[in-house]
Amino acid sequence: MEIPNVNHTRKGLFSVGGVDVAIDGSWLVIFALVVGGLALGYFPTVDPGRAAASYWLISVVVALLFFVSILLHELAHAWVSNRFGVEVKRITLFIFGGAAQLSAEPADPRTELEIAIAGPLTSLGLGLVFGAAAWGLGEAGSLEAASAGARYLAYANVAVALFNSLPGLPLDGGRIARSIFWRRSRDFRGATIRAAEWGKVVAGGLMGFGALDALLGNLIGGLWFVLIGSFLRTAAEASRREALVDRSLQGLTVADLMVSAPQVVEAEESVAGAVERQFLHHGFGGFPVMDDGRPIGILSLREVRACPRHERPQRRVREIMRATEASVIVSPADAIATALRRMSEADCSRLLVIENGRLLGLITRSRIASVLHARRLLEGDGA
Ligand SMILES: [Zn+2]
């Protein structure tokens with residue numbers, strides 16, 4: 001799955017082959033549902049007459065293997081992606097599956113296709129492996145439960161492969177569709193918009209199917225599809241909007257939209273002084289922090305507000321600012337789309353424009369938004 005604007009700043013839980021793995025709290029819900037469904041429904045049916053504790057034990061093992069399967073699906077995307085130089089730093093597992101966060105766009109349709117297809121192929125491969133294991137365990141006449149567990153994992157992995165192959169963003173099938181549109185039109189944004197529109201159709205289909213299923217009596221399963229559908233619809237719409245924005249901003253660089261020679265605050269002045277001198281008078285949400293003429297950070301309203309009012313006269317700006325790190329810097333030649341992506345990665349609505357260690361300006365989300373708004377209004381005016 002490809003989810004735009006996920007919060008990238010959370011720390012990973014562990015790391016596999018250079019890729020951070022983060023687990024969203026919501027993922028525990030799906031884990032609990034899988035374990036519960038297996039222990040209370042599946043295993044007592046396929047292998048009746050055993051102690052409840054043994055059902056729970058094998059259910060946890062099978063759910064963990066399912067978890068590892070999803071992880072391998074996402075790692076396949078990440079590893080192929082890294083091989084092509086489109087770095088994936090993080091995989092996030094959440095209630096509707098997993099998402100690998102790409103740091104940039106793939107360079108060409110072929111790269112896009114290979115990154116996208118790696119996930120479903122891995123799930124399909126795992127399905128075959130578990131299928132073979134189920135057959136082998138059955139033949140060996142070992143525990144019926146072990147064979148049934150492997151069979152469940154085989155079906156689950158094939159289902160993950162098929163579901164992800166549905167042809168609409170943000171699903172892998174949508175990325176495959178995008179790579180095909182892209183190859184034909186040579187227009188990445190246009191292909192994204194089209195694949196996202198397909199995604200909304202797929203999502204609508206899932207919601208309709210879920211609603212029907214719920215009405216016909218499968219309440220929980222049906223509602224689950226409705227939930228997934230509405231989630232996918234939101235994500236598809238976000239991709240579509242992002243592509244529209246990128247298209248409107250195409251050709252613009254940071255230098256075109258930055259505020260040159262911005263107002264600044266000094267690292268050594270007190271927070272109260274900076275508030276009085278700049279925040280209360282200029283109406284900007286944040287300022288570059290200078291130390292001896294060099295930019296060393298950003299001070300925005302968020303940091304000021306986090307500092308208790310009575311401490312502001314004593315605290316220096318340096319102590320509470322957001323220090324300059326790669327994530328809050330752009331260079332003047334960067335595309336606006338790059339700046340926007342960095343803002344959402346850093347969860348920060350302004351970036352320092354720096355060249356050779358010198359502060360050239362400040363680029364803000366609100367400025368980009370107003371230019372975008374103007375372009376939208378004037379687009380197609382023939383002016
Ligand atoms: Zn995938």
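The values are calculated or read from the model by the stated rules, or taken from the named source; none is laboratory data. In this text, all values refer to a predicted model and were calculated from it rather than measured experimentally. Note: ideal-geometry Cβ built from the backbone for every residue, glycine included; neighbour counts use all protein chains shown.
Out of I58, I30, report the one residue that is over 15 Å from the mean Cα position of the chain (by Cα), surrounded by 14 or more Cβ atoms within 10 Å (Cβ to Cβ) and at pLDDT 85 or above. So the residue among I58, I30 that is over 15 Å from the mean Cα position of the chain (by Cα), surrounded by 14 or more Cβ atoms within 10 Å (Cβ to Cβ) and at pLDDT 85 or above is I58. Residue count for the stretch 57-68 under the criterion of being β-branched (V, I, T) and within 16 Å of the ligand (Cβ to nearest atom): the result is 1. Scan the stretch 32-43 and report the pairs whose first residue is under 13 Å from F66 (Cβ atoms) and whose second residue is β-branched (V, I, T) and assigned to a helix (DSSP H, G or I), with Cβ atoms within less than 6 Å and a gap of 6+ or a chain change. Close Cβ pairs (under 6 Å, with a partner that is β-branched (V, I, T) and assigned to a helix (DSSP H, G or I)) amount to V35/V60; L38/V62.
Being of a type in the set (S, T, Y) and closer than 21 Å to A203 by Cβ is the filter; apply it to the stretch 84-125 and report the residue that is modelled with the lowest pLDDT. Filtering first and then ranking leaves T92. Of all the residues in the stretch 244-275, those that are among the hydrophobic types (A, V, I, L, M, F, W, C), under 15 Å from L372 (Cβ atoms) and either surrounded by fewer than 19 Cβ atoms within 10 Å (Cβ to Cβ) or modelled with pLDDT under 85 (or both) number 4.
A residue that is closer than 30 Å to A337 by Cα and assigned by TED's automatic domain parsing to the domain that holds F94 cannot be found anywhere in the stretch 207-226. Is it the case that Q278 is crowded, with 17+ Cβ neighbours inside 10 Å, assigned by TED's automatic domain parsing to the domain that holds R365, more than 29 Å from the chain's Cα centre (by Cα) and not aromatic (F, W, Y)? Yes; evaluated as a whole, the condition is true for this residue.
Of all the criteria given as (1) within 13 Å of the ligand (Cβ to nearest atom); (2) touching a Phe, Trp or Tyr at 6+ places or on another chain (Cβ under 8 Å); (3) over 23 Å from G190 (Cα atoms), the one not satisfied by E114 is (3).
May I ask you to say which residue of R350, R365, R312 is in contact (Cβ under 8 Å) with a residue 12 or more places away in the chain, touching a Ser or Thr at 6+ places or on another chain (Cβ under 8 Å) and over 24 Å from A272 (Cβ atoms)?
R365
Number of residues in the stretch 207-243 that are of a type in the set (S, T, Y), under 23 Å from R365 (Cα atoms) and either surrounded by fewer than 17 Cβ atoms within 10 Å (Cβ to Cβ) or modelled with pLDDT under 85 (or both): the value is 1. Please work out which residue is nearest to I30 (Cα to Cα), limiting yourself to the stretch 69-110 and to residues that are among the β-branched types (V, I, T) and within 15 Å of the ligand (Cβ to nearest atom). Per the stated criteria, the residue is I70.
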